[in-house]
1. Starting from the amide H of residue 56, placed 1.01 Å from N in the peptide plane, find each other amide H under 5 Å away whose residue is 5 or more places distant or on another chain.
2. Grab the alpha carbons of region 64-158, take their convex hull, and tell me the volume per residue in Å³.
3. Cβ neighbours within 10 Å, averaged per peptide: list 184-193, 55-64 in order, most packed at the top.
4. Of the peptides 154-161, 79-86, how do they stack up when ordered by the mean number of other Cβ atoms within 10 Å, highest first?
5. Points 7 angstrom from Cα along the Cβ direction at residue 52 and residue 96: gap in nanometres?
6. Separation between the residue 74 and residue 176 pseudo-spin-labels, each 7 Å from Cα along Cα→Cβ, expressed in nm?
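What follows draws every value from the coordinates through simple rules; no lab data is involved. All values reported here derive from a predicted model rather than from experimental measurement. All Cβ positions, glycine included, derive from the backbone under ideal geometry; neighbour counts span all protein chains shown.
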Amino acid sequence: MRYTRPSGRGPIETGSETGEGSGTDGIGMEPETASLHAEAPETRLNAWLATAPRFTLAAAESCTGGEVAHRITAVAGSSAYFLGSIVAYANDAKATLLGVPREVLERPGAVSEPCARAMAEGARRVFGADLAVSTTGIAGPGGGTARKPVGLVYIAVAGPSSTVCEEHHFPGDRASVVAAAADAALVLLATRVQAALAEDEHALDPASPGPHHAESERGLATPSDLLMS
């Protein structure tokens, strides 16, 4: 059985983005929105960002070895919003390419929440992206311990104002763990992009004063426009 524990830090708490009225579980959504929700997360990202890119995305991958980037770029039009991915498999690569502190890599280690957060923040900084997702874990079949078993994966997404992280425990062989981790990373990234689009739409609302008011009056497309298209 898969077990997921959202991080206790940051804006995401258990149920905070999947509760009633949030729209992330497909319940109570407009038909067009529910249809998009049923699609793969990389397809939803493309629907929201390809024709009117509001946000740019990047990735930093360890245990998924580029699978997140592969799935994003497999969708035509992703070059409009996806900047790239760094596959930082070795600890030295995590430190030199992404700026993960050496002390984090030593303790609590590369497979940890602090490392996942630092990887996502590093990718966002290196690429100059609005949001970046990271994966780090133990895909197996070896390398697991009682404290960090095979299937343990940390996934983080860094955005302009915060970084969120999830802990997952995936069953199965190496290929199954990699596939499940990539899927969970894309789901979390899509959730954060959806939240960012909703916040941006609110800022563009003529009834909501803010720095983007003028852009709204000039007819800039809203997330609702993208979902209805």
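1. 130, 131
2. On the way: hull volume 8.1 nm³, N = 95.
Output value, Cα hull per residue: 85 Å³.
3. Peptide ranking by packing, descending: 55-64, 184-193.
4. 154-161, 79-86
5. Inter-label distance under the simple model: 4.4 nm.
6. Those two pseudo-labels are separated by 1.9 nm.
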